[in-house]
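The values are calculated or read from the model by the stated rules, or taken from the named source; none is laboratory data. This one's a predicted model, so the numbers in the text were calculated from it and none came from an experiment. Note that we place each Cβ from the backbone using ideal geometry, even for glycine, and neighbour counts take in every protein chain shown. Each accessible area value is taken on the protein alone, full model and side chains, heavy atoms only, with ligands, DNA and RNA left out. Shrake-Rupley method; radii C 1.70, N 1.55, O 1.52, S 1.80 Å.
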Amino acid sequence: MKLDRRTFLEILIGFSAGAGGGFMLTPVNWKLMDDMAIWSQELWPRYQLGGLKGRLPERGKVTHADTVCKLCPGGCGITVRKVKDRATKIEGREGYPVNNGGICILGAAGLQLLYGPWRVPGPMKRSGKRGSGSFGRISWEEAINEVVHKLTDLRLKGEAHAVAAILDSDRGTVPQLFSRFLKAYGSPNFIRAASADDTYELVLNLMQGTSGSVGYDLERANFILSFGSGLIEGWGSPVRVIRAHSIWRSGNGGRAKVIQIEPRLSNTAAKADNWYPIQPGTEGALALGLAHVIIKESLYNAEFVENYAFGFEDWSDVTGKTYMGFKRLALTEYSPQAVSGITGLSASKIAELARAFAKADRPLAVWGRGKGTTSGSLNECMAVHALNALVGNINQPGGVSTRPEMAAQPWPEVVQDGTAVAGSNMPRIDGAGTSRYPLTRYLPDRWPQVMDGGRAGTIKALLVHGADPYFTTQDSAAVAKVFEHVPFVVSFSSYLDETAYHADLILPNHHYLERWEDIPTPVGLHKPVLGLLKPVVSPQFDTRHVGDVLMTVAKSLDGKVADAFPWEDYETVLRETVGEKWDALEEAGYVEEADYTPPAGFATPSGKLEFYVSAFDQAGMKMAKDVEYLPHYEPVKPEGDAAAYPLILIPTELMRLADGAIGNPPFCTKTLEENELKGNELFVEINPVTAANHGLSEGVRATLATPKGKAKVLVNLSEGIMPGVIGIPKGLGHKAYDDYLAGKGVSANSLMGVVEDPVSGLCATWGIRAKLTRV
């Protein structure tokens, strides 16, 4: 196809301007601009969708509309350029409190998701075998009637508790509507997709007595100690963190020091002041080794520890029985020499790092591997949080606190009928909140394992919104097996993702540029910000807002279920929930509390931050030993036999590769390096020493095998990964979507297993045993 100069420039400018000022703030590879003329030919089908006649938008009035990006939990403000009602580019919104004009590559590619062939054009019903991709169009009335019929039938059979809903979040009006629906209907099974929030929420509850997830005052920290967090690879709110990284590097107010701890030289590690490679899964041991030095050399914040912490020193109860404190545990068990033997990092470097961290003005330890898309070990997270407590950087400028939420108007209480009461009192399918895991709210990686093992009841109907559990849940083979036995799956996805591909019905939600929705304080932010998602273009297809669809279903079920939804439509719900802040929110697109200060004090049984967690006893979780009440290192053994699988496979995450509920758009896939993806073949990363020991060389084809499965891959040699470790990128291996993504690479989750944390039940897996054999 011939490409004239004007057409080429329109596409080139449309992208680069869409990235705006934030383009240079991201680690976007400039390869995106290479060979753009050839690449653009692949975009013509996407430019011709959505009612566009010809290759370019029609001439017309140019306008700009502000909204919020919904492609990840980052909650960035965006500005959409339009010609008439046609969106032509997306850029970061200047002045927005989260990203202030910056945008990541995924956000800039949002128009490919709006106008691309991934969109579900209207209600669809499966017409072939599940997973065949065969669907037929049906009307909205037919689709809703089918859902109502199925749910009515289950309720009449006393099986309301066999309905489950999986969402990407439990915050905001849409997730709250789903939660309310399940409560009124009679099911306890609201499940949130996995993230590091699962673990950190529990840690804050145990050690501080607070309800909520973690907030980091990154911008004011001046010594950042990252335990595997991909600070410039999509961790937290990506653009916000990248901007903070620029502040740390610029020296504005004094240059901050950044230390990265992980077994692989990621982009974050490469840009850090120091990279400390350690054995995978030993981050908790290192944190405790640092605590040993800080305590032994009296470098901790004595004023905070003595006045605002409990369980640091040995203590006695009313009977005179003495219990071990964190100080004695750290000094006894975690000397630099002992921790060196666990982590592979020298004792001298451990001591040096501990001193530098403790002596900094505003030191901050951050936790959550990669992008924070997996749960993680409870004790590892507690050990990292204990470091912040030792230096007194809890609820302080440049420190860590509980993420605040903007106050909202309460909804009327749900009045349950007898069926709802009985169903809600049944155990959750994932085991969260039961006597075994009483303090855990969600166990998103556990429900497939439980159902597959026959250890609990089954799911008769599954509702999925904003998540893609078929693709993102670890051990996806177990998920696939479970999906075969769920009789009724409903997806509300706007796109033909993996879960939608295996659903019985698809009831497509409006695209995020076509709908209203509130965006609560983004992940990791330390001050309250409420953003407003609002339609900037008309719906391109026969879609409906998921909130309206859910309320229509509820009202069709009649009785107390219908009574629980007195609102006329979703927009009414949104306006009433926001309340008196609505006018300001609608006008500005956000409201914030810029001068917010975290509240002082702790809501634990002792009224202090607790190194020794007394909440375990209150929840009926009597521990066998003192050490189990304290942050300690408990190795998480990777699945597999060391003799059969001599290597360790770990997932790696890239800013340029979406690996959550949204598939990777073509713009992003184009930026992958030739030693990451070649055609449809995925590279795995190994050290040259590992390659020599296993008869492998650069670029050769190999079979990667784990106890969960095997895949054909290519080999990339790198000195930036520890010997004995294999790195595999997350985000590829799709079977759904279209030719731009389907069939490319291997799904890392299909090779990973699930190892349960013994206390929380959350997935503590950081890797799995593997072998790599030359083909």
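See the values below:
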read-out: Any strands (runs of 3 or more DSSP E) falling wholly within region 212-291 and containing at least 3 residues that are farther than 26 Å from F602 by Cβ; value: 257-261, 274-276
read-out: Identity of the residue in region 759-775, open to solvent by less than 50 Å² (accessible area, probe 1.4 Å) and in a strand (DSSP E or B), that ends up farthest from S195 (Cα to Cα); value: L772
read-out: Residues of region 316-326 that turn out to be open to solvent by less than 60 Å² (accessible area, probe 1.4 Å) and either touching a strand residue (DSSP E or B) at 6+ places or on another chain (Cβ under 7 Å) or free of Cβ contacts under 8 Å to residues at least 12 places away in the same chain (or both), as a count; value: 4
read-out: Qualifying residue in region 662-669 (condition: among the β-branched types (V, I, T), part of a strand (DSSP E or B) and within 25 Å of G368 (Cβ to Cβ)); value: no
read-out: Subset of region 394-403 [open to solvent by 10 Å² or more (accessible area, probe 1.4 Å) and either in a loop (DSSP other than H, G, I, E, B) or free of Cβ contacts under 8 Å to residues at least 40 places away in the same chain (or both)]; value: N395, Q396, P397, R403
read-out: Filtered residue count, region 639-655, keeping only those that are open to solvent by less than 20 Å² (accessible area, probe 1.4 Å) and assigned to a loop (DSSP other than H, G, I, E, B); value: 1
read-out: Residues of region 568-596 that turn out to be surrounded by fewer than 18 Cβ atoms within 10 Å (Cβ to Cβ) and in contact (Cβ under 8 Å) with a residue 12 or more places away in the chain, as a count; value: 9
read-out: Single condition S250 does not satisfy, out of (1) farther than 30 Å from E756 by Cβ; (2) hydroxyl-bearing (S, T, Y); (3) crowded, with 24+ Cβ neighbours inside 10 Å; value: (3)
read-out: Looking only at region 253-284, and only at residues there that are over 17 Å from I232 (Cβ atoms) and in contact with a Ser or Thr (Cβ under 6 Å, 6 or more places away or on another chain), the one that is most open to solvent (accessible area, probe 1.4 Å); value: Q279
read-out: Single unsatisfied condition, P599 versus (1) farther than 27 Å from E201 by Cβ; (2) under 28 Å from the mean Cα position of the chain (by Cα); (3) open to solvent by 60 Å² or more (accessible area, probe 1.4 Å); value: (1)
read-out: Helices (runs of 4 or more DSSP H) completely within region 458-516 that count 2 or more residues being open to solvent by 20 Å² or more (accessible area, probe 1.4 Å); value: 469-472, 476-483
read-out: G547 of a type outside the set (S, T, Y), over 19 Å from V120 (Cα atoms) and surrounded by 23 or more Cβ atoms within 10 Å (Cβ to Cβ); value: no
read-out: Qualifying residue in region 359-378 (condition: over 30 Å from L530 (Cα atoms), open to solvent by less than 30 Å² (accessible area, probe 1.4 Å), part of a helix (DSSP H, G or I) and out of contact with any Ser or Thr (no Cβ under 8 Å at 6 or more places or on another chain)); value: no
read-out: Meets criteria (open to solvent by less than 20 Å² (accessible area, probe 1.4 Å), in a loop (DSSP other than H, G, I, E, B) and modelled with pLDDT of 95 or more) for A554; value: no
read-out: Single match in G95, G101, G75 (criterion: at pLDDT 95 or above, under 23 Å from W235 (Cα atoms) and surrounded by fewer than 19 Cβ atoms within 10 Å (Cβ to Cβ)); value: G95
read-out: Selection within region 184-211 - among the polar types (S, T, N, Q), open to solvent by less than 10 Å² (accessible area, probe 1.4 Å) and not in a loop (DSSP other than H, G, I, E, B); value: N189, T199, Q208
read-out: Positions within region 327-349 being touching a residue at least 60 places away in the same chain (Cβ under 8 Å) and among the β-branched types (V, I, T), in sequence order; value: I342, T343
read-out: In region 700-739, residue surrounded by the most Cβ atoms within 10 Å (Cβ to Cβ) [restricted to those that are within 27 Å of the chain's Cα centre (by Cα) and on the phi > 0 side of the Ramachandran plot]; value: G731
read-out: Residues within region 517-534 that are among the aliphatic types (A, V, I, L, M), outside any loop (DSSP other than H, G, I, E, B) and open to solvent by 10 Å² or more (accessible area, probe 1.4 Å), tallied; value: 2
read-out: Near pairs, Cβ below 6 angstrom, 6+ apart or cross-chain, from region 190-202 (hydroxyl-bearing (S, T, Y)) to any residue that is crowded, with 24+ Cβ neighbours inside 10 Å and part of a strand (DSSP E or B); value: Y200/V214
read-out: Every residue from region 443-490 that is hydroxyl-bearing (S, T, Y) and at pLDDT 90 or above; value: Y470, T472, T473
